[in-house]
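The values are calculated or read from the model by the stated rules, or taken from the named source; none is laboratory data. Model, not experiment: these values are computed from the prediction. Backbone-built Cβ (ideal geometry, glycine too); neighbour counts: all protein chains shown. Quick note on the areas: whole protein, heavy atoms, side chains included, nothing else; ligands and nucleic acids left out. Shrake-Rupley method; radii C 1.70, N 1.55, O 1.52, S 1.80 Å.
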Number of protein chains: 4
Amino acid sequence: MQPRDSGYEARTRDSFARQNAMRTLGATLESVAPGRVVIAMAHREALTQQHGFMHAGMLAAALDSACGYAAFSLMPADAAVLTIEFKINLLAPAKGPRFRFEGRVIKPGRTISVVEGRAVQHADDGADEKLVATMTATVMTVQGRDTLHH
Amino acid sequence: MQPRDSGYEARTRDSFARQNAMRTLGATLESVAPGRVVIAMAHREALTQQHGFMHAGMLAAALDSACGYAAFSLMPADAAVLTIEFKINLLAPAKGPRFRFEGRVIKPGRTISVVEGRAVQHADDGADEKLVATMTATVMTVQGRDTLHH
Amino acid sequence: MQPRDSGYEARTRDSFARQNAMRTLGATLESVAPGRVVIAMAHREALTQQHGFMHAGMLAAALDSACGYAAFSLMPADAAVLTIEFKINLLAPAKGPRFRFEGRVIKPGRTISVVEGRAVQHADDGADEKLVATMTATVMTVQGRDTLHH
Amino acid sequence: MQPRDSGYEARTRDSFARQNAMRTLGATLESVAPGRVVIAMAHREALTQQHGFMHAGMLAAALDSACGYAAFSLMPADAAVLTIEFKINLLAPAKGPRFRFEGRVIKPGRTISVVEGRAVQHADDGADEKLVATMTATVMTVQGRDTLHH
């Protein structure tokens, strides 16, 4: 996919760095390509549900950021990204020890973009990959609204 | 709605207390009725996205817990609850200062239950209510699997 | 809710009448209020799935029209409505003999509106109501595109 | 993926043939593989919305059948398939002249399976492919209920 802004990577990394929520999750931005973003995260006791697995909402948070920034990477330099809605399916208990969240734009649009997300858990050495969640997110390109700063 | 387990409230509160993720969010369990659960939370800097609003994933986490426990309150005493999928629509920037998350079962089922969630932001005195997100969650009753402890 | 176009009802009825798909379903437009539309339909052998119940897609079609027109009723006179996405939960086998589909806007917006839909089956005399499906739809207001005629 | 029933293809084709709704749509079952089903359909005036495009609900119906039968192909011989919920994103106006709907299981399960669907439009000669809709469906394996005949 073709980015409209050649500075897409720095712009995306800057915005991600302002997401306090990602810092709280211990999530890091692994890679930024036009229309594709990967976020990494480790299992954390502080983020679990009642059975000791990662809380679905925490997976959703990382996947939402991966999907939103995948769309953001294709937007004009002065645009902000807004998640309109997302849907997540939980496929397996999320035990980690590590997770990779990938967002991939399947339909870039002037106003509306549709992005698919995948959450994979794996061992520390990258082995034993398992798909634990999938997301579809609808995100909006917002321009010229003073109240939002990208 | 009729609970199958008269100890539903203590059982639900015990399970919620084991969700480390809710503690990290500063979320508290406000009320538990058969098929209806309310969670409260305040706006926190540590949970924001790049514009200073609450991250959609953090709203999703609290709504998912509200929806899951609304269904859990109707389940048999030995059951565990599993979120199969949820979908969230973000309706307005989530500024707080306070939030209320309500989960309400619209279709209780032996295996599958469907729950609707609403996230409302309001002032410290309860005024200025605004609907900021809605959720539909599909949750499953799990019984007799040793690997899951409710 | 306040319509922006006082001719909303005639405009909505005109557009509905152009939906050949609704004619194929035998669906009729029962009522149009600002932000709320009701469609009616009878069970039809031609629309069933393998067990003799109404096909989920046929319920989805009627609910999508109810949701889309609920949003359309609030739009400016020169706007077209576009469904971006919808999600449907099937709660019970849809036997009829009659169905009522209601769309209700929960968040009207300049560009994006969010609408909830409910499908209820009932007897010919209106008794024995049962909720068989729920929908959340995200719809878009489109203006000034020559290729779309509302 | 490994089918549990070696007669999966005949079983799937038999069930599809009992879906009157697919006959009304003019939809045909193109191929059945374990965990993957393709349905074909032509644009029809009788199935359009107000702008002359295929109604989103009609695309949803064909995608729902593709997804449901993709999961059904992996089920035991005596099982019935039930759609719990699906979500569809509409990516482009569906003009045809021909459509292909593919359902692909991404998580087969004893009780719950998750399936992804893609709707592609193309020319009569197969050229000019365009992705017009995506679906995620959650389906259930039902066994031992007398009221449902697969």
*Please give the average number of partner chain Cβ atoms lying within 10 Å of the Cβ of each residue in A:103-115, rounded to a whole number.*
3
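Give the D-C buried accessible area in Å², both sides summed, 1.4 Å probe, nearest 100.
For chain D against chain C, roughly 2900 Å² becomes buried.
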_Percent carbon-and-sulfur accessible area, segment B:17-150, ignoring ligands, DNA and RNA, probe 1.4 Å_ = 48 percent
_Mean accessible surface per residue for the protein assembly as shown, computed with a 1.4 Å probe while every protein chain stays in place, in Å²_ = 37 Å²
*asked:* Using +1 at the C-beta of Lys and Arg and -1 at the C-beta of Asp and Glu, which of A:16, A:43, A:27 has the Cα lying farthest in the positive direction of the dipole of segment A:1-53?
replied: A:16
*asked:* Treating the point 7 Å from Cα along Cα-beta-carbon as the label, what are the nm separations from residue C:10 to the other copies, to one decimal?
replied: 5.8, 6.2, 6.7
*Which whole-number percent is the relative contact order of chain D (Cα, under 8 Å, 6+ apart)?*
24 percent
*18 Å Cα-Cα threshold exceeded, pairs from B:87/C:107; B:107/C:130; A:130/D:87; B:95/D:87*: A:130/D:87; B:95/D:87
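Rounded, prolate or oblate: pick one for the protein assembly as shown, where a ≥ b ≥ c are the square roots of the eigenvalues of its C-alpha gyration tensor, a/c under 1.5 means rounded, and failing that, prolate if a/b is larger than b/c, else oblate.
Cα axes put the protein assembly as shown in the rounded bin.
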*Euclidean distance of C-alpha centroids, segment D:50-72 and segment C:40-58, integer Å*: 14 Å
*Taking the rotation that carries B onto C, look along its axis and tell me which residue of B has the beta carbon nearest to it, distance in whole angstrom.*
B:87, 2
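Kindly identify chain D as rounded, prolate or oblate by the Cα gyration tensor criterion: order the square roots of the eigenvalues as a ≥ b ≥ c, call it rounded if a/c is under 1.5, otherwise compare a/b with b/c, prolate if a/b is larger, else oblate.
prolate
Given R₀ = 30 Å, what would the calculated FRET efficiency be for residue D:30 paired with residue A:30, taking r from the Cβ atoms and rounding to 0.05?
Calculated transfer efficiency: 0.15.
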*In nm, what does the list of distances from residue C:131 to its counterparts in the other copies look like, shortest first, when each label sits 7 Å along Cα to Cβ?*
1.4, 3.1, 3.4
_Virtual spin-label span in nm between residue C:129 and residue A:124, 7 Å along Cα→Cβ_ = 5.9 nm
*Which whole number gives the average count of other chain Cβ atoms within 10 Å of the Cβ atoms across peptide C:58-71?*
4
_With the label 7 angstrom out along Cα to Cβ, how close does residue C:44 come to the same site in each of the other copies, in nm, nearest first?_
1.0, 5.3, 5.4
